[in-house]
1. Anything in the stretch B:53-69 that is surrounded by 20 or more Cβ atoms within 10 Å (Cβ to Cβ) and more than 7 Å from chain A (Cβ to nearest Cβ)? List them, or say none.
2. Those residues that are within 14 Å of chain A (Cβ to nearest Cβ) and touching a residue at least 24 places away in the same chain (Cβ under 8 Å), I need them from the stretch B:179-196; list them, please.
3. Look through B:I133, B:I121 and report the one residue that is touching a residue at least 40 places away in the same chain (Cβ under 8 Å) and either hydrophobic (A, V, I, L, M, F, W, C) or surrounded by fewer than 19 Cβ atoms within 10 Å (Cβ to Cβ) (or both).
4. Name every residue in the stretch B:33-50 that is more than 7 Å from every other protein chain (Cβ to nearest Cβ) and crowded, with 19+ Cβ neighbours inside 10 Å, in order of residue number.
5. Kindly indicate whether any position in the stretch A:168-185 is farther than 27 Å from B:A40 by Cα and assigned to a helix (DSSP H, G or I).
6. Name, by its number, the condition in (1) farther than 17 Å from B:R44 by Cα; (2) outside any loop (DSSP other than H, G, I, E, B); (3) within 14 Å of another protein chain (Cβ to nearest Cβ) that does not hold for B:G199.
7. Where residues in the stretch A:70-93 are more than 12 Å from chain B (Cβ to nearest Cβ) and among the acidic types (D, E), which of them is farthest from A:V196 (Cα to Cα)?
8. Can you say whether A:K159 is in contact (Cβ under 8 Å) with a residue 24 or more places away in the chain and of a type in the set (K, R), as far as the supplied structure shows?
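Read-outs: derived from the displayed coordinates by stated rules, not from any lab. Predicted model only: the values in this text are computed from it and were never measured. Positions of Cβ are backbone-derived with ideal geometry, glycine not excepted, and every protein chain shown enters the neighbour counts.
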Number of protein chains: 2
Amino acid sequence: MVFVGFPAISRHFCKFLNMSKSALVILAPGAEEMEFIIAADVLRRAGIKVTVAGLNDAEPVKCSRDVQILPDTSLAKVSSDKFDVVVLPGGLGGSNAMAESTVVGEILKSQESSGGLIAAICAAPTVLAKHGIASGKSLTSYPSMKPQLADQYSYVDDKSVVKDGNLITSRGPGTAYEFALKIAEELAGKEKVQEVAKGLLVAYN
Amino acid sequence: MVFVGFPAISRHFCKFLNMSKSALVILAPGAEEMEFIIAADVLRRAGIKVTVAGLNDAEPVKCSRDVQILPDTSLAKVSSDKFDVVVLPGGLGGSNAMAESTVVGEILKSQESSGGLIAAICAAPTVLAKHGIASGKSLTSYPSMKPQLADQYSYVDDKSVVKDGNLITSRGPGTAYEFALKIAEELAGKEKVQEVAKGLLVAYN
């Protein structure tokens, strides 16, 4: 009878651990709204504390297909905070804006030097290139971004999601669930992600 | 040489036709944000004029995983307008709110009687049941909603997307791309959807 309680305690402890994990999702004007929202939603389903930070301020952000999203806060307000993962959604306009942002550059450099996860999808791996992050690592991106990345990185053409050390990258809207589940797996574990994927009706092994 | 111009003219004409197609996507508090945004984004990529209408007003809508989305307008302002498709995203809270709304009921009855498309995903087919829409038709939904639908409809368990006449239904976040592409196919044609799917990196036949 003594052992019966252990799995329950373990689950509660894991849940507590998962709740303590945190993600910063940067939302820039022109972001691809599906890539943004799939990351934020799936990570929250996995029990990760997600902060959606507007690149310029906390006003509604107009995304690539004109959906307007209200961030939780502005990036300036959380730029000194620590997060377990920094997530960069794609979309050409959003990625260009993040590539030009010195605040984003500082956040990524701090995240890299502290050994935290960085995740980028679609056009957003070009943000890493611009800020000199993770040079030499294996990564992927939206196919048309390859010429901007192939010199600086070991470019992978044939995988939906690539993980190299603390860097997770992916290709586009059609790979956004796999991307989000991979980030969640790193922070919340496979068991939790299996449960999340089942609820989403998404295949996951 | 005379014939060379025809395909181009035809394409432009089709493009013009596609642009004239319209979609109303109803955004209720507690909507599943991924299902909402995949529909809105994919339809816009297909050249369809999408109106995102807040169920209660035009203020930011808090979705099921706390992402806040600013609608284009309020449902009250567009409730007399005609749309080629009315799209109901899922999410339990959002679906319950739409099921309780007399305005949603009137819009759906008007859409049904005029022969317009109605599309619902995840928990949202229960909104149709509540308002007495499309009774007897084949449909699907999020699996756990089946008991609320099996008496009134011919329930389909084994397809991601079901089309029966002017009704398109689907199962959940993991089938949301297929759902959106099917709606787009009806309004913009297969050729356009092939192009959209390719850009999304989503499989489409």
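1. Within the stretch B:53-69, B:A53, B:G54, B:L55, B:V61, B:C63, B:S64 meet the criteria.
2. Selection gives B:F179, B:A180, B:L181, B:A184, B:V193, B:V196.
3. Values: B:I133 fails: touching a residue at least 40 places away in the same chain (Cβ under 8 Å).
Within the list B:I133, B:I121, the selection yields B:I121.
4. Selection gives B:E35, B:F36, B:A39, B:V42, B:L43, B:A46, B:G47, B:I48, B:V50.
5. Looking through the stretch A:168-185, at least one residue is farther than 27 Å from B:A40 by Cα and assigned to a helix (DSSP H, G or I).
6. In the conditions (1) farther than 17 Å from B:R44 by Cα; (2) outside any loop (DSSP other than H, G, I, E, B); (3) within 14 Å of another protein chain (Cβ to nearest Cβ), B:G199 misses (1) alone.
7. That would be A:D81.
8. No, not satisfied.
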